[in-house]
1. In angstroms, what radius of gyration and Dmax does the chain have, counting Cα atoms only?
2. Placing +1 at every Lys and Arg Cβ and -1 at every Asp and Glu Cβ, with all other atoms neutral, what dipole size does region 1-131 have around its Cα centre, in debye to the nearest 20?
3. Quick one: 3J(HN,Hα) in Hz for region 58-68, Karplus 6.51/-1.76/1.60 with θ = phi - 60°, rounded, Gly and Pro as x.
4. How tilted is helix 78-97 with respect to the longest principal axis of the chain? Cα atoms for both, answer in degrees (0 to 90, nearest 10).
5. For region 61-154, what are Rg and Dmax over the alpha carbons, in angstrom?
6. Quick one: putting +1 on the C-beta of Lys and Arg, -1 on the C-beta of Asp and Glu, what dipole do you get for region 61-154 around its Cα centre, in Debye to the nearest 20?
7. Enter the angle in degrees (range 0 to 90, nearest 10) between the Cα long axis of helix 111-122 and the first principal axis of the Cα atoms of the chain, meaning the one along which they spread out most.
8. Per-residue ellipticity at 222 nm for the chain, helices alone: DSSP H runs ≥ 4 residues times -39500 (n - 2.57), over residue total, nearest 500 deg cm²/dmol?
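The values are calculated or read from the model by the stated rules, or taken from the named source; none is laboratory data. On a predicted model such as this, the values are computed, not experimentally measured, just so you know. Cβ placement follows ideal geometry from the backbone for every residue including glycine, while neighbour counts extend to all protein chains displayed. Protein only, heavy atoms only, side chains kept; ligands, DNA and RNA dropped before computing areas. Shrake-Rupley method; radii C 1.70, N 1.55, O 1.52, S 1.80 Å.
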Amino acid sequence: MERPRGRRSLKDAKYWRCSKGYKNQPELHEFFDTPPFVCGCGCKQKHKGDFDFCLDHVTVNGSGLLGDFIDQADEELCIACTYGKQLEVTKRIKYLMKGRNPESPTPRVIPSDLDVKYEKMIGDYPKGGIAQLILMGLILKEQGILNESCTCIYKASNVSVIPEKDPARIVA
Ligand SMILES: [Zn+2]
């Protein structure tokens, strides 16, 4: 049975026309729609417009995709919090896709757990920046991060690096 599409993002893509007049309708996806990146008439023209999307504008069965913000307070936990939130959101989306309550069991994690593992493996250097981003991502894959109720470890099944100016892959 098809899931109801529910409330859409305010930033959902609009149609665009190529110079031959072909009307390219947005591609429908589960949570937000994107413009087709190449014209569907075969002229090979690429989508030149800009578009935004905002996951925080999307709700599923009345629940937000992202949940509450993580407050890192005064600690240097920016990257650990970012990864922790990423895994939490992945769990939330899995629950929501199955029609379950996204908070039960809690998908939240303990960001400082990842930071402690990083310190143990890498020490103080490098702290911050792209190096920590990549190294911490690898630790997330190998050792994972503890959930808030200390009942399981969430791991990233894969870590990869993609070009920063490849919108199709970023959206995917
Ligand atoms: Zn065309």
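1. 19.3, 60
2. Details: 22 positive and 19 negative charges, 238 e Å.
Once rounded to the nearest 20, the dipole reads 1140 debye.
3. For region 58-68, the Karplus curve yields 9, 10, 10, 6, x, 10, x, 5, 8, x, 6 Hz.
4. 60 degrees
5. 13.8, 44
6. Details: 11 positive and 13 negative charges, 131 e Å.
Computed about the Cα centre, the dipole is about 640 debye.
7. 70 degrees
8. Details: 4 runs with 51 residues, N = 172.
Estimated from H runs of four or more residues: -9500 deg cm²/dmol.
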